[in-house]
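Asks: Pasting a structure below so you can have a look.
No lab work stands behind these numbers, since they all come straight from the coordinates. Because the structure is a prediction, the values reported are computed rather than measured. Cβ coordinates were reconstructed from backbone atoms using ideal geometry, including for glycine residues, and neighbour counts include every protein chain displayed.
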Amino acid sequence: MYNHRLLTRRHALWLGLATVAGMSACAKGKSIKQDQQVQVVGKSERDFTVTGETSLKERAAAKGLIYGASGRYRDLSSNSDLADHYTQECAILVPGNDLKWSTLRPSPDRFDFTKGDWLANFAHTHGMLFRGHTLVWNQGLPKWFQETVNKQNAEHILVEHIQKVARHYAGQMHSWDVVNEAVYPKHQRSDSLRRSPWLKFLGSDYIDLAFRAAAEADPQTILVYNDVRMNTDTEDGEATRIAILKLLERLKSRGTPVHALGMQAHLWAKDQAPLNPRKIRAFVGDVADLGLKIMVTELDVKDQHLPKDTNVRDRIVAGAYEDYLSAVLDEPAVISVITWGLSDPYSWRAKPQFGGDRKDGTPVRPLPLDAQMKRKLAWNAIARALDNAPKR
Ligand code: G3I
């Protein structure tokens, strides 16, 4: 399933600690199924104490890591309190939507960089890095796309988009999500690729084409393959991890300029989509063995299914944050932790089309800061994982 990796001393130690944790959880009466490290989350004795008030970006920087968050033009340009908390906590900013085709390209021959430029300026003015999301995806497409793009013009339209956008921001970007979510085992292709318009019109080579166009347009930026659903201890999670590794191996074998894997990490807490820290640790190690960096790019924890009591709910969410980050940050090739938003009300998960408020009518609480910009246990959990991460 995974390449047999020479266990580094730290990795072997980590595995030992994880086993000890599992045993101690057993000792506390929580059964650990064989080979499934069920998280010990939500237990009242699990504390999330943090030393000092230092920001997440400073705690990350102390370990050679980058912490940041996604943000939107319409929120950051209209809410100075929110903007102040981004500058306080974040060393990198990624537009959640404002660099997608739907925003950048209102018509086939017109580009609108207004919002992206405002965000780039906001980031650079406040000493933040800036990253792009995303040059190629099957979502976030403008209304004209479906009736305009076809087999004959798809390559021209794709390359033109990448060149125009990546050249516009050349030299300003820490990294670009060049291709997003190209793997989807449930579509049952032999290569496990997603049946998207790009695949339909251009075949699987669209991925190589996109990375080569991006590298030509902005040779200075880190080019990232970004994907989702690779963190769960489920059949789909396993198939996704294997398919992503195979895709990355194929790209590398062809000399395609891919530099990093982006792990979105939209986590569920507890038993809804269990994590297996041991498998996640092994997976990021296998990606690193390909000579790639790894970025955690869209981290948040879904709480719609968790108890109403925010004391209990926040603890379970914090446990998921700390368990996940403790596993991945043990890998030195992991260079960033980016949450998909910073403050709860601005989360995509608060929007009706993405679940919105919970069935009990209470607002979702997936992010490090609450609606009043107060640090939550999720903030503590990220801070603890950063403080305990090995220095890069
Ligand atoms: O801005 C328009 C508004 O003018 C219009 O009235 C409204 C009508 O529906 O739509 C608004 O655009 C919405 C946009 O978010 C801005 O809020 C789109 O409909 C909506 O589809 C879009 O959703 C975004 C989604 O990606 C699709 O692009 C979410 O905010 C965003 O958080 C989500 O982020 C994705 C990452 O890009 C990839 N990984 C998964 C992640 C979560 O789905």
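Asks: What ratio of Cα Rg to 2.2 N^0.38 Å holds for the chain?
Replies: Computed over Cα atoms of the chain, the ratio equals 0.96.
Asks: Let me ask you something else. Would you work out which of Ser107, Pro363, Val224 lies farthest towards the positive end of the dipole of the range 36-388, given +1 charges on the beta-carbon of Lys and Arg and -1 on that of Asp and Glu, about the Cα centre?
Replies: Ser107
Asks: Rounded to the nearest 500, what is the 222 nm mean residue ellipticity of the chain from helices alone, with -39500 (n - 2.57) per DSSP H run of 4+ residues and division by all residues?
Replies: Working: 14 runs with 156 residues, N = 392.
After summing the helix terms and dividing by residue count, I get -12000 deg cm²/dmol.
Asks: Take the residue pairs Lys143/Lys164; Lys57/Lys374; Lys57/Lys308 and return only those whose Cα atoms are more than 22 Å apart. Could the numbers behind the result be given before it?
Replies: On the way: Lys143/Lys164 20 Å; Lys57/Lys374 16 Å; Lys57/Lys308 30 Å.
Exceeds cut-off: Lys57/Lys308.
Asks: Hey, what do the phi angles of the range 134-146 turn into as Karplus ³J(HN,Hα) couplings, whole Hz, using 6.51/-1.76/1.60 and θ = phi - 60°, x for Gly and Pro?
Replies: Computed from phi, the couplings for the range 134-146 are 9, 6, 9, 7, 8, 10, x, 9, x, 4, 6, 4, 4 Hz.
Asks: If you don't mind, another one. How big is the charge dipole of the range 98-145 about its Cα centre, in debye rounded to the nearest 20, if each Lys and Arg gets +1 on its Cβ and each Asp and Glu gets -1 on its Cβ?
Replies: Working: 6 positive and 4 negative charges, 26 e Å.
Its charge dipole is roughly 120 debye.
Asks: If you put +1 on each Lys and Arg Cβ and -1 on each Asp and Glu Cβ, how big is the dipole of the chain around its Cα centre, in Debye rounded to 20?
Replies: Values: 54 positive and 46 negative charges, 122 e Å.
For this selection, approximately 580 debye.
Asks: Further, regarding this structure: Taking only Cα atoms and a 10 Å spring cutoff, compute GNM fluctuations for the chain and point out the largest among Ser336, Ser80, Ser175.
Replies: Ser80
Asks: Which aspartates and glutamates, if any, have their Cα less than 16 Å from the Cα of Lys151, not counting same-chain residues under 8 positions apart?
Replies: List returned: Glu160, Asp205.
Asks: May I ask which residue of Thr125, Val284, Ala333 lies farthest towards the positive end of the charge dipole of the chain, with charges of +1 (Lys, Arg) and -1 (Asp, Glu) on Cβ and the Cα centre as origin?
Replies: Toward the positive end, the furthest listed residue is Val284.
Asks: Relative contact order, percent, of the range 214-322 when contacts are C-alpha pairs under 8 Å separated by at least 6 residues?
Replies: Across the range 214-322, relative contact order equals 28 percent.
Asks: List the residues whose amide H sits under 5 Å from the amide H of Asp233, counting only those 5 or more places along or on another chain, with H placed 1.01 Å from N in the peptide plane.
Replies: Leu275, Asn276
Asks: Pull up all non-local amide H partners of Arg365: gap of 5 or more, or a different chain, and H-to-H distance under 5 Å with H placed in the peptide plane.
Replies: Placed amide hydrogens put Asp303 under 5 Å from Arg365.
Asks: Evaluate the relative contact order of the range 138-289 (contact order divided by residue number), counting alpha-carbon pairs under 8 angstrom at least 6 apart; express in whole percent.
Replies: 24
Asks: Filter the chain for me: DSSP H helices, axial length by Cα at least 24 angstrom, mean Kyte-Doolittle hydropathy not below 0.0. List them by residue number. Spell out each step's value before the answer.
Replies: On the way: long enough: 9-27 (27 Å, 0.72); 235-253 (27 Å, -0.26); 310-328 (27 Å, -0.06).
Long hydrophobic helices here: 9-27.
Asks: If amide hydrogens are placed 1.01 Å from N in the peptide plane, which non-local residues have theirs closer than 5 Å to the one on Gly71?
Replies: Under 5 Å from the amide H of Gly71 lie the amide H atoms of Val94, Gly96, each far enough along the sequence or on another chain.
Asks: Over the range 36-388, what is the relative contact order in whole percent, taking alpha-carbon pairs under 8 Å and six or more residues apart?
Replies: 19
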